[in-house]
Amino acid sequence: MNLIPLPAFNDNYIWMLRDGQYALVVDPGEAQVVFEAIERLGVQLGAILVTHHHADHTGGVAELREGTGAQVFGPLHETMPEPLTRLTGGDAIDLLGLRLQVIDVPGHTSGHIAFYAEPVGEAPLLFCGDTLFSAGSGRLFEGTPAQMLTSLGKLAALPDNTRVCCAHEYTASGLVFAHAVEPDNQALISYQVRVKALREQQLPTLPSSIGLEKAVNPFLRTHLGSVIRAVQQFDACAQDPISVFAALRTWKNQF
Ligand code: ZN
Ligand code: FE
């Protein structure tokens with residue numbers, strides 16, 4: 001099983017998962033880079049998975065479906081280009097010999113879903129769209145802080161070695177904010193060094209892992225004293241878990 005990030009637009013990744021002759025892609029915001037990869041690798045596109053309705057995740061869906069005949073799977077509760085098979089939390093689909101489980105992760109959008117799989121003999125895989133970024137989280141365009149906190153909690157509960165396939169290369173800028181929140185976090189400081197080296201070589205910082213994100217990502221660390229105290233410097237009214245998370249998100253938006 002090969003996991004291949006296809007860069008698109010400024011900072012998107014369209015994730016391709018390939019098993020021999022067959023491949024699937026997640027969130028193809030544009031078709032051209034996927035057509036090129038299919039050609040280059042000599043694979044057949046069997047499926048297109050979509051996490052949420054934003055154009056930078058769906059823009060290439062119709063053209064790819066028409067050009068390849070691939071079946072499209074997307075969220076039940078979002079406006080999506082038809083035809084597609086609609087999925088919601090608890091559903092599972094079998095593709096490339098793999099069982100992909102659907103997790104509801106509302107927050108960035110109200111019907112956002114994620115896909116999780118445990119390939120035999122490999123670390124688990126998570127395609128989380130714009131819910132979780134490395135060292136960051138998606139903006140709350142449609143959902144509430146409480147929803148997002150619950151969604152991120154579901155992802156944090158996955159095995160530590162889960163490969164986290166985020167839809168954007170936001171790691172370096174996320175780390176600048178994360179460092180402002182937790183200047184003494186040693187794991188974060190060493191990750192920052194690694195990320196800088198990768199970006200200097202124009203290499204992806206992804207996939208991340210759940211274990212790493214739990215160590216460095218302030219949005220997965222809002223239950224910890226270090227993060228709570230920092231957030232309260234920004235907003236003294238932030239006391240309970242939801243208001244701490246909400247204030248952290250507001251702080252990041254203004255950062
Ligand atoms: Zn989005
Ligand atoms: Fe996006």
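All of the numbers you see were taken from the coordinates with simple rules; none came from a lab. Please read these numbers as outputs of a predicted model, since none were measured by experiment. Reconstructed Cβ throughout: ideal geometry from the backbone, glycine too, with neighbour counts over all protein chains shown.
Before rounding to the nearest 500, sum -39500 (n - 2.57) across all DSSP H runs of length at least 4 in the chain and divide by the residue total; then give [θ] at 222 nm in deg cm²/dmol.
Using -39500 (n - 2.57) per qualifying helix, the result is -10500 deg cm²/dmol.
I need the shape label for the range 69-207. Rule: rounded when a/c is under 1.5, else prolate if a/b > b/c, else oblate, with a, b, c from the alpha carbon gyration tensor.
Prolate, since a/c reaches 1.5 and a/b exceeds b/c.
Suppose every Lys and Arg Cβ carries +1 and every Asp and Glu Cβ carries -1, with no other charges. What dipole size does the chain come out with about its Cα centre, to the nearest 20 debye?
600
So for M148, M80, fewest C-beta neighbours within 10 Å to most, what's the order?
By the 10 Å Cβ count, ascending, the order reads M80, M148.
When the Cα centres of the range 97-117 and the range 191-255 are compared, how far apart do they sit, in Å?
Result: 22 Å between the Cα centres.
Taking the 0 to 90 degree range and rounding to the nearest ten, how far is the long axis of helix 225-234 tilted relative to the main principal axis of the chain, both from C-alpha atoms?
Tilt of helix 225-234: around 80 degrees.
Dipole size in debye (nearest 20) for the range 44-116 around its Cα centre, Lys and Arg Cβ +1, Asp and Glu Cβ -1?
140
Using Cα-Cα distances under 8 Å and only pairs 6 or more residues apart, what relative contact order does the chain have, in percent?
So the answer I get is 13 percent.
Which order results if H179, H52 are arranged by neighbouring Cβ count within 10 Å, fewest first?
Final ranking by Cβ density, sparse to dense: H179, H52.
Nearest 5 is fine: what % of DSSP beta bridges in the chain come out antiparallel, could you say?
Of those bridges, close to 65 percent are antiparallel.
Once Lys and Arg get +1 and Asp and Glu get -1 on their Cβ, which of A123, T109, I93 lies farthest toward the positive end of the dipole of the range 15-139?
A123
I'd like to know which of L248, Q201, A180 lies farthest towards the positive end of the charge dipole of the range 150-252, counting +1 on Cβ of Lys and Arg and -1 on Cβ of Asp and Glu.
Q201
Taking K196 as the anchor, which lysines have their alpha carbon closer than 23 Å to its alpha carbon, excluding any fewer than eight residues away along the same chain?
K214, K252
Compute the Cα gyration tensor for the chain, then decide on rounded, prolate or oblate, letting a ≥ b ≥ c be the square roots of its eigenvalues: rounded whenever a/c is under 1.5, prolate when a/b is larger than b/c in the other cases, and oblate in all that remain.
Prolate shape, in that a/c is at least 1.5 and a/b is the bigger ratio.
Using only the Cα atoms of the range 1-121, build the gyration tensor, take square roots of its eigenvalues as a ≥ b ≥ c, and label the shape rounded, prolate or oblate: rounded if a/c is under 1.5, else prolate if a/b is larger than b/c, else oblate.
Taking the square roots of the gyration eigenvalues as a ≥ b ≥ c, the range 1-121 is oblate.
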